[in-house]
Amino acid sequence: MSIIETQNLTKKFDNYFAVDHIKFSVEKGEIFGFLGPNGAGKTTTIKMLTTLLHPSDGSATIAGFDILKQRAKVREHIGVVFQEPALDTELTGKENLDFHARMYGLTQETRKKRITEVLTLVDLLDKEDVLVKQYSGGMKRRLEIARGLMHSPTVLFLDEPTLGLDAQTRRAIWEYVKQLNKEEGTTIFLTTHYMDEADFLCDRIGIIDHGKILVIDTVDSLKKSVGHDVITLSCSDSMALQRRLEQETWVSNITPHGTFLTVGVERGEEKIPTIFDIARTINISISSVDVRKPTLDDVFLFYTGRSMREQNPETSARKTAKPSGFHLRRPK
């Protein structure tokens, strides 16, 4: 059963397509990821799906509700954790959650029960009465995830959930996300430009670049599309060697990168001597060679023709909408 359905979803700013007629679906209970560099259209897509940004064209439904015609119903069924922190640091963790739950109309009894449940899930129950300004960055992120779960959403959107966190904290967040998906049965839609994050968390991945979805599949299938092994080599004439290797039926794919080539093959170690022999027959010298199993870096390189580029996040220059926040203060 598809929880999220999109048809030609589009967002255009002046002559720039931030999201360009994308079509995909997300199944109930899965962790689905959008993998792409900063500026690829990931955050813009989430803002449209969460009704914060009006599409220029196309349509989408969340849990069967139209994002344009049934915005209130959509919001009832979603939780969102944005890139930018939206916690009130002058309140305690429990007070932040209680306020959020009141906004969704949860009763006092339900609020109390749910606060205990979600704080336990993200391992913050012993910090419930501590002011959020005293939380570490990782604790704040976990509290935001807990807040997104307070009203038991059908879909939880996580926009770059570990951006700026250290490696150990990132790994802890991943474990919590896996746990809540399993224990809460929540469908999770996350965006990331971290390859290892997508690899660890996602059941399926959509690679998005320049507002277009290039491919959607399981992590294993995406890696296999590159080849069972990846050979990376440097040689004296990469273009000539590429043309020659493309004639071999055992080459799944081949991609040039300056003086380097990456070649997708089966049983890579067995193919290295053959590649050396072929290079020798056309007077090409190979200076270095490496063989390994494919990674999502290889997948991204294969489908985009380049490595994950580092750019500034989607900026206000593109006029993407930003959610407003509430700021409460403790009574004196």
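Couple of notes before you dig in:
- Pairwise FRET efficiency - K23 versus E266, Cβ, R0 = 41 Å, nearest 0.05: 0.80
- When both the stretch 79-102 and the stretch 115-151 are represented by their alpha-carbon centers, they are found 9 Å apart.
- Spin-label model, E117/D203: points 7 Å from Cα along the beta carbon direction are separated by 2.0 nm.
- Whole-Hz Karplus values for the stretch 200-206 come out as 6, 8, 8, 6, 9, 10, x Hz, taken residue by residue from phi with 6.51 cos²θ - 1.76 cosθ + 1.60 and θ = phi - 60°; glycine and proline positions read x.
- With contacts taken as Cα pairs under 8 Å and at least 6 residues apart, the chain reaches a relative contact order of 22 percent.
- The gain in end-to-end length when the T259 to A72 segment is fully stretched comes to 61.9 nm, 0.36 nm per residue minus the alpha carbon separation.
- Helix-only mean residue ellipticity at 222 nm for the chain, each DSSP H run of n ≥ 4 adding -39500 (n - 2.57), per residue, nearest 500: -10500 deg cm²/dmol
- DSSP-defined antiparallel bridges as percent of all bridges, the chain, nearest 5: 70 percent
- Prolate/oblate/rounded call for the stretch 228-293, Cα gyration tensor, a/c under 1.5 rounded: rounded
- Computed E for E246/D196 - FRET, C-beta separation, R0 22 angstrom, nearest 0.05: 0.10
- Difference of contour (0.36 nm per residue) and Cα-Cα distance, K182 to T89: 30.5 nm
- Annotation: lysines with alpha-carbon distance below 21 angstrom to K271 (same-chain offsets under eight excluded): K223, K224, K293.
- Alpha-carbon Rg/Rh ratio, for the chain, with Rh computed the Kirkwood way: 1.06
- Measuring r between the beta carbons of Y104 and K224 and using R0 = 41 Å, the FRET efficiency lands at 0.45.
- Here the label points at N283 and D57, each 7 Å from Cα along the C-beta direction, are separated by 5.3 nm in the simple model.
- Proximal aspartates and glutamates to K133, defined as alpha-carbon separation beneath 20 angstrom and excluding residues fewer than eight positions away on the same chain: E84, D88, E90, E95, D98, D123, E144, D166
- Per DSSP, loop trypsin sites (Lys or Arg not before Pro) in the stretch 220-309 with at most 14 further Cβ within 10 Å: R267, R306, R309
- Counting only Cα atoms, the stretch 1-152 measures 48, 30, 25 Å along its principal axes, largest extent leading.
Since every read-out is calculated from the coordinates, none of them should be taken as a lab result. Small disclaimer: the values here were computed from a predicted structure and weren't measured. Ideal geometry is used to build each Cβ from the backbone, glycine not excepted, and the neighbour counts take in all protein chains shown.
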